[in-house]
Number of protein chains: 4
Amino acid sequence: MKILALLGSSRKQGNTEYMVHRILEGVDHTSVHIADYTIQPITDMRHTEEGFSPVDDDYETLLHQFLEHDVIIFATPLYWYGMSGHLKNFVDRWSQYLRDERYNFKEELRKKKAYVVVTGGNTSTITALPLIQQFKYIFDFVGMEYIDYIIARGVKPEEVSHDPLALHKASFWNEEFKKEK
Amino acid sequence: MKILALLGSSRKQGNTEYMVHRILEGVDHTSVHIADYTIQPITDMRHTEEGFSPVDDDYETLLHQFLEHDVIIFATPLYWYGMSGHLKNFVDRWSQYLRDERYNFKEELRKKKAYVVVTGGNTSTITALPLIQQFKYIFDFVGMEYIDYIIARGVKPEEVSHDPLALHKASFWNEEFKKEK
Amino acid sequence: MKILALLGSSRKQGNTEYMVHRILEGVDHTSVHIADYTIQPITDMRHTEEGFSPVDDDYETLLHQFLEHDVIIFATPLYWYGMSGHLKNFVDRWSQYLRDERYNFKEELRKKKAYVVVTGGNTSTITALPLIQQFKYIFDFVGMEYIDYIIARGVKPEEVSHDPLALHKASFWNEEFKKEK
Amino acid sequence: MKILALLGSSRKQGNTEYMVHRILEGVDHTSVHIADYTIQPITDMRHTEEGFSPVDDDYETLLHQFLEHDVIIFATPLYWYGMSGHLKNFVDRWSQYLRDERYNFKEELRKKKAYVVVTGGNTSTITALPLIQQFKYIFDFVGMEYIDYIIARGVKPEEVSHDPLALHKASFWNEEFKKEK
């Protein structure tokens, strides 16, 4: 079972990353910051004759990482009550690769398990719920299994370390991951 | 009353643009495609000493347009059950400009009225609801008035022209805009 | 195609009933007010040896009506951001009749088409969305087809007659029903 | 700080009650099963000249209990993706008592803190979210403070005792309640 933490934050060592550390400490995994890659927003060519054009950016490097793992932890700060634009751009481009014959993207997605980690302000246990529901629709569409989600409260650096319920759930996942390996 | 249609689509002459045409035909307005501008995803510097750094892209050009208008029509295709990455990047960057002393961004936002147009597949009258709720949280946060939304069904080019309820609502808004001018 | 309007209002000639009239004028149908029947809240006996006990109320009279129709219009005022208790009690008791061998309740439900009409205050185009989503889960669970919904704004008697968009959608449904008969 | 557990279950010793026991063991509190009281669904008389009529049921007995407590734990099984009809009837009747001059219902509600416990099937961490959002609207409307919620998974008797995350959150609340007394 290969685990990928896909970080949608724009800054390093923030609360989202803190949560991912707690979830994966002592567990073999790969961690990538989407912001370290140049990812263009999608250009929708589904309805053109020529189809999608190759894009000169780092998408496929990131995609290879994504495809090689069985468990994906989608970890994002709650930006404006949704996933970060970085992560959204990554997901939007799936539409292109679902149609790219070089990949069995559709079949690969169906084998993966998804976890969601969202970090936001104090009200985010409520205001992140549309995002939690959006992920449900995303995973249903591609056939990924939506295991569970954590909504953690923390805005200032390390603030999330004061959210005991989020930390406990992180530890619980951590133990589960350790068992499965 | 100055009206701006802010288009989040990645392709031209798609269903979202079609809807905007119907809403604004015969009405004085400005229409911008975010995809025509280079907009970087946000780099969150809220918690650093130096604060946000200037970004070398087209954001401020777009921002000037945005600030000059009283009514904003946020028009986006439903990409993966959310707004497009293009639009999300635009909104994410608000966090930067809320802290930029050159603009009275906060005060300006509070005076604006928001309309939302989402175009998606057949199920989008249900699956777009998390996005409709997300916009509610966004507009509440900045104090914009959320007038109404249209969820229009159309994926293939011009398909939305066969959604009579969406078109009717577009005409209704159109008449309201004509009255107000 | 036999149509049943299932009214969850507690008062007669209110906004919900007004909407139903507009949707069904000139269309052959049956209309029932749940409040005219005595419906006990469910007593959950799923996990007892003896199973559910017969309840001495009007449920089965209403159930017979429900089963005889192909199209159900669930029409309810938005009470505390949900369906009325009257309608909720009716739906809750489905759990009992799904297990009652005298009825092919499960199979019958699967053949029905569902429309939802909700009437509420000015903000209900947003605040009724959890209810719209709840109905989606309900219909998915039993296999009913969720055709569409109307959220109409009106609290004081007849106030809904000033919501042109809701009335237009009602007329649209009305025309569709007239075509199908 | 006086605590009331308001149980919406229709059966005794079910999962919802189990959760409430875990949340409140060793904590001084009152626990009531709404199903032990006869509660009529509301008859909406807001728009009549005479206003609401007295209803011959147990509502006011329950209401007195409700008003005497500062913290309310709304505990309900997830019936058809919503609160139970029992609890819904209780809440619907608030509309009547908001207009009853014998009570300062509005002012009293504003002083209370609300916790929500929902028990449902395996998918309820997603499918209970509309209910969690509905409670948010309810509490916002009356000015109650929405402290937090637990979604616990358990359908068969005692099944919830195998949901470690829900139990942990129950223990956490339990410790908080013990501190505050």
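If you filter region D:24-60 down to residues that are of a type in the set (A, V, I, L, M) and out of contact with any His (no Cβ under 9 Å at 6 or more places or on another chain), you find that the one that is farthest from residue C:35 (Cα to Cα) is D:27.
Restricting attention to region C:101-112, does a residue exist that is in contact with a Phe, Trp or Tyr (Cβ under 8 Å, 6 or more places away or on another chain) and within 11 Å of another protein chain (Cβ to nearest Cβ)? Looking for residues that are in contact with a Phe, Trp or Tyr (Cβ under 8 Å, 6 or more places away or on another chain) and within 11 Å of another protein chain (Cβ to nearest Cβ), one finds none in region C:101-112, hence no. Scan region C:134-152 residue by residue and report those that are assigned to a strand (DSSP E or B) and more than 9 Å from every other protein chain (Cβ to nearest Cβ). If the condition is that a residue be assigned to a strand (DSSP E or B) and more than 9 Å from every other protein chain (Cβ to nearest Cβ), then C:145, C:147, C:150, C:151, C:152 are the ones that fit. For the structure I just gave you, tell me whether residue D:118 is within 8 Å of chain C (Cβ to nearest Cβ), β-branched (Val, Ile, Thr), surrounded by 15 or more Cβ atoms within 10 Å (Cβ to Cβ) and closer than 18 Å to residue D:7 by Cβ. Judged against the criteria, residue D:118 is not a match. One residue stands out among those in region C:33-53 that are closer than 14 Å to residue C:84 by Cβ and either β-branched (Val, Ile, Thr) or crowded, with 20+ Cβ neighbours inside 10 Å (or both): the one that is nearest to the other protein chains (Cβ to nearest Cβ), which is C:41. Just wondering, is there one or more residues in region B:52-60 that are acidic (Asp, Glu), at pLDDT 95 or above and in contact with a helix residue (DSSP H, G or I) (Cβ under 7 Å, 6 or more places away or on another chain)? For region B:52-60, residues acidic (Asp, Glu), at pLDDT 95 or above and in contact with a helix residue (DSSP H, G or I) (Cβ under 7 Å, 6 or more places away or on another chain): absent.
Of everything in region B:121-133 that is in a helix (DSSP H, G or I) and not aliphatic (A, V, I, L, M), the residue that is farthest from the other protein chains (Cβ to nearest Cβ) is B:124.
Among the criteria (1) free of Cβ contacts under 8 Å to residues at least 60 places away in the same chain; (2) farther than 28 Å from residue C:42 by Cα; (3) not aromatic (Phe, Trp, Tyr), the one residue D:178 does not fulfil is (1).
With respect to (1) crowded, with 19+ Cβ neighbours inside 10 Å; (2) within 12 Å of another protein chain (Cβ to nearest Cβ), the lone exception for residue C:4 is condition (2).
Being surrounded by 15 or more Cβ atoms within 10 Å (Cβ to Cβ), facing chain C (nearest Cβ under 9 Å) and over 17 Å from the mean Cα position of the chain (by Cα) holds for only one residue in D:155, D:160, D:91, and it is D:155.
The values are calculated or read from the model by the stated rules, or taken from the named source; none is laboratory data. Keep in mind that this is a model prediction, so the values were computed, not measured. Heads up, the Cβs are rebuilt from the backbone with ideal geometry, glycines too, and the neighbour counts pull from every protein chain shown.
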